[in-house]
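Following: one structure in C-alpha cells, then a few remarks.
The values are calculated or read from the model by the stated rules, or taken from the named source; none is laboratory data. Predicted model only: the values in this text are computed from it and were never measured. Here the Cβ positions follow ideal geometry from the backbone for every residue, glycine too, while neighbour counts run over all protein chains shown. Remember, those area values only see protein heavy atoms, side chains included, never the ligands or the DNA or RNA. Shrake-Rupley method; radii C 1.70, N 1.55, O 1.52, S 1.80 Å.
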Amino acid sequence: MRGGMRLRLGFLLGLLASLADISHAMAQAGPHDRPPHQVWSFEGPLGRFDLSAVQRGYAVYAQVCSACHGMKSMTYGDLAAMGLTMEQVSRIAATQQVPGGVDAQGDPVTRAATPADHFRDPFANPEAAAAANNGVAPPDQSRLALVYPGGPDRIYAVLTGYREPPAAYRPSHAGAVYNPYASGREIAMPPPLRDGQVVYTDGTPATTAQEARDVTTFLAWVAQPHLEARHRLGMQVVLYLLFLAVLVFLLKRRVWSDVH
Amino acid sequence: MTDAGSRDMPDEQEKTGVVAWLDARLPVVSAFRREYVDYRTPRNLNGLWNFGAILTVVLLVMLATGIFLAINYTPTAAGAFASVEAIERQVPSGWLLRSIHVTGASMFLAALYIHLFRGLYYGSYKAPREMLWLTGLVLLAMVMFTAFAGYVLPWGQMSYWGADVAGKAVDAIPGVGPWLEHFLQGADAPGDVSLHRFFILHMVLAFAVLGVVGVHVAALHVTGSNNPLGIEPAGPRDTVPFHPYYTSKDALGLVLFALLFAAVVFFLPNVVFEAENFRPANPLHTPADIEPEWYFLPFYGILQSVPSKFGGLLASVGAILVLFLVPWLDRSPIRSARFRPFYRVCMGLLVVCFILLGFVGRHHAQGGWMIAGRVAVVYYFAHFLVLLPLSARTERGIVLPDGIADAGRRGA
C-alpha cells in the first residue's frame with residue numbers, strides 16, 4: 001500500500017518535473033552578454049501593468065519603432081485597454097491611412113483607419129522591409145516580448161546596450177552595429193533611442209533609459225494584453241475552487257463516514 | 001411530491017407523470033438510476049480511480065471550447081495564424097477559452113497517462129476486462145492523433161515544423177511512406193491542404209473520441225470496476241452504490257484537478273504555451289530546436305534512440321501497439337501489483353524508463369542521452385515481452401484476501 005503510494009507520487013512528480021523543465025527550454029541563438037535582470041511590475045504570477053508606463057511606451061512605439069516595425073495582430077481598438085477612451089482611440093486611428101478599396105475608376109484609394117483596423121504595416125512586404133533595413137527585415141512586434149529569447153530584460157538591455165565596439169569588432173555586413181546583448185553581439189538596427197527623442201505628455205523626463213523601459217513595458221503588454229485580467233480572474237477562480245474543495249471534502253467525508 | 005402521503009400505493013400508481021411516461025418509452029431514467037445511482041462499485045477504490053471521471057469532464061470541456069475556437073478559426077495557411085491571434089486579442093474572452101483548450105490538451109494527456117498506469121499497475125486489463133482495456137488503448141491512439149492535429153492548427157513555427165517532422169517520419173516507411181505522406185499533407189511540405197485536412201481530422205476525431213468513450217464506459221459497466229486489491233467483490237459488503245459514495249469522491253477529485261488546471265491556465269500558461277509557436281509558420285526558417293509537446297516526448301525519445309529512421313518509427317508505434325497484447329502477455333491470475341512483488345518492481349522501472357525517454361526526447365538523444373535512451377527502449381520492450389510473461393513464475397504461495405471488506409478491516 002505505502003509502496004504503491006510512493007510510486008504514484010514519483011510518477012506525478014516526474015510528470016511535473018518534465019513539464020517545468022520544458023517551460024525554459026528555449027535555446028538562445030548566437031553568443032551574447034547575459035542581460036541584467038530588471039524589476040518589472042508585470043513579472044510573477046500576480047504581476048500587473050503600470051498603464052501610464054504602457055501609454056508612454058506606446059508614444060515611443062508610435063513615434064520611433066513603428067517607422068520600421070509592424071504590429072500586425074493589434075487593432076487600434078485594442079489600445080483602449082491601456083486606459084484610453086474610445087474617442088482617443090478613434091483619433092489615433094484616424095491619423096493613419098489604410099488601403100480603402102478602389103474608387104469608381106478602379107484605382108486603389110486609402111482612407112483614415114478606424115478602431116477595427118489592424119496596425120498599418122510600415123512596409124508593403126518582407127522583401128521591401130529587408131531592402132530598406134540593411135538586408136534584415138525588422139521583426140513584427142506583436143509577440144516580440146514573448147518570442148525574443150531573454151524576454152523584456154533582453155529587449156531593455158539591447159535598447160540601452162549600444163556602446164563603442166571593442167577594437168577587434170568588424171561588422172559582418174553593411175549597417176550592422178555592435179551590441180553586446182544582441183545575438184552574436186551584433187544587430188542590424190541602429191541605436192533607435194536617445195535622450196529627448198520622444199515627447200511625453202505626462203511630463204516624465206524622456207531619458208534614453210526611461211524611453212527604453214517604457215517601450216519594453218508596452219511591448220510586454222502587447223505580447224500579453226490580458227495578463228492582468230488573467231491574474232485577477234485566476235485569483236477569483238482559485239479562491240472559489242478552494243472554498244468548494246473544502247465543502248466537497250466535508251461532504252465526501254460525511255457520505256463515507258458509515259463505510260470505514 | 002404530491003404522493004408523499006401515499007407510500008403504500010402500488011407501483012402502477014407511482015408511474016404517472018412525464019418522467020414515468022418517458023421512461024416507459026425510452027428507459028433513460030431507469031438506466032441512469034441503474035448505471036449511475038445504484039450501480040455497485042468496489043468500496044476500496046483509491047484516488048487513481050478518479051481519473052476516469054476527470055477525463056470525461058475534460059473531454060467535454062475540450063469539445064465545448066473547441067467548437068468555440070473552430071467558429072473563429074480560419075483553416076488556411078494565409079489566415080490561420082491571424083485568426084488565432086484575433087481569438088487571443090479581439091474576440092471577447094477568446095484568450096480564456098483558448099487557454100483552457102490548450103491547457104486542457106496537456107491535462108487530458110497527463111490524466112490519460114495516469115489512467116493507463118493505473119490499469120497496468122492494478123491489472124485492470126485482465127479477464128474479464130480485456131475489451132475495456134482495448135477500447136481504452138484505441139482512445140489513447142485517437143487522442144494522440146487529435147492532439148497532434150490540433151497542435152498544427154495555430155500555424156506557428158512549432159506547428160509547421162512539427163508537422164514537417166511527422167511527415168518525414170511517415171515518409172520513412174518503406175514502400176507506402178512517400179504516398180502516405182503525400183496523402184496526409186496533400187503536398188511535399190505542410191501547407192494549405194494539410195492544414196485543412198488536419199482541421200477536419202481534429203474535429204472528426206474529437207467527436208469520434210466521445211463516441212468511443214461511450215463504448216469504453218459501456219464495457220466498464222458490464223464488468224464493473226477493478227479495485228486496488230484486484231479481487232472481485234465477494235458480496236454486497238464489498239461494494240457501495242455509485243451515488244452518493246463515488247459521486248462525492250469523484251467530485252472531490254474533480255475540484256482538486258480543476259484547481260491544478262486553473263493554476264496553469266491563470267498563473268503558469270508558459271508551462272503549456274510554447275513561445276516559439278507565437279511566431280508565424282515560416283517554411284524558409286527552421287527553428288533551432290524542434291520539439292514536440294511534452295506528452296509526445298517519450299515516443300520522440302524512442303524515435304531518436306533507435307539508429308534507423310524506419311526502425312525508430314516502428315519502435316515508437318510499437319511502444320503503443322505492444323500495450324494491446326498485454327492481457328495475453330501477462331499469464332498471472334493475480335491482478336493487483338500489490339500482491340506481485342516482482343511485477344511491482346518492474347512497473348516502477350517502467351515508469352522511470354518512460355519519464356527518462358521523455359528527457360531523452362528533449363535532448364534529441366545526443367551524447368549520454370543516446371545510451372540512456374537505448375537502455376530505456378530495451379527495458380520498455382523487455383518489460384512487456386519478457387518480464388511480464390515471466391513474472392507469473394515468481395508468484396508462488398501468494399494468498400489473496402477473501403473479500404474487500406475483510407481485507408480492509410485487516411489491512412490499512
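Listed values, structure above:
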{"quantity": "Average accessible surface area per residue within the stretch A:26-148, 1.4 Å rolling probe, Å²", "calculated": "53 Å²"}
{"quantity": "Paramagnetic label zone (point 7 Å from Cα along Cα-to-C-beta, A:GLN236; backbone N under 15 Å) in the stretch B:234-277", "calculated": "B:266"}
{"quantity": "Cα gyration tensor shape of chain B, rounded if a/c is under 1.5, else prolate or oblate by comparing a/b with b/c", "calculated": "oblate"}
{"quantity": "Accessible area buried between chains A and B, both sides summed, probe 1.4 Å, in Å² to nearest 100", "calculated": "4900 Å²"}
{"quantity": "Projected label distance in nm at A:SER41 and B:ALA24, using a 7 Å step from Cα toward the beta-carbon", "calculated": "6.9 nm"}
{"quantity": "Prolate/oblate/rounded call for the stretch B:260-303, Cα gyration tensor, a/c under 1.5 rounded", "calculated": "oblate"}
{"quantity": "Cα shape, the stretch B:254-412, gyration tensor, a/c 1.5 rule", "calculated": "oblate"}
{"quantity": "FRET efficiency, B:ALA288 to B:ALA218 (Cβ-Cβ, R0 45 Å, nearest 0.05)", "calculated": "0.40"}
{"quantity": "Selected from B:GLY214, B:PHE51, A:GLY196, residue furthest toward positive end of dipole (the protein assembly as shown; charges at beta carbon)", "calculated": "B:PHE51"}
{"quantity": "Chymotrypsin sites (Phe, Trp or Tyr not before Pro) within the stretch B:328-412: DSSP coil, no more than 15 neighbouring Cβ in 10 Å", "calculated": "none"}
{"quantity": "Positive-end residue, chain B charge dipole about Cα centroid, Cβ charges, pick of B:PHE81, B:THR239, B:PHE145", "calculated": "B:THR239"}
{"quantity": "Debye, to nearest 20: dipole size of chain B, +1 on Lys, Arg Cβ, -1 on Asp, Glu Cβ", "calculated": "1240 debye"}
{"quantity": "Calculated from backbone phi, Karplus (6.51, -1.76, 1.60) coupling profile of the stretch B:260-269 in Hz, x at Gly/Pro", "calculated": "5, 4, 5, 4, 6, 4, 9, 10, 10, x"}
{"quantity": "Two-site FRET efficiency, B:ASN270 against B:MET370, from Cβ-Cβ distance with R₀ of 45 Å, rounded to 0.05", "calculated": "0.95"}
{"quantity": "Those residues of the stretch A:55-99 for which accessible area with every protein chain present is at least 20 Å² below the isolated value (1.4 Å probe)", "calculated": "A:SER73, A:ASP78"}
{"quantity": "Farthest toward positive dipole pole in chain B [+1 Lys/Arg, -1 Asp/Glu at C-beta], among B:ALA365, B:ASN72, B:VAL28", "calculated": "B:ALA365"}
{"quantity": "Point-charge dipole on Cβ atoms (K/R +1, D/E -1) for the protein assembly as shown, about Cα centre, debye to 20", "calculated": "2440 debye"}
{"quantity": "Whole-number percent relative contact order across chain A, with pairs defined as alpha carbons under 8 Å at least 6 apart", "calculated": "24 percent"}
{"quantity": "Two-site label geometry, A:PHE249 and B:ASP402: point separation in nm, points 7 Å out along Cα→Cβ", "calculated": "3.8 nm"}
{"quantity": "The stretch B:112-222, relative contact order in percent, only Cα pairs under 8 angstrom and at least six apart counted", "calculated": "32 percent"}
{"quantity": "FRET efficiency estimate (nearest 0.05) - Cβ-Cβ, A:ASP202 to A:ALA67, R0 22 angstrom", "calculated": "0.45"}
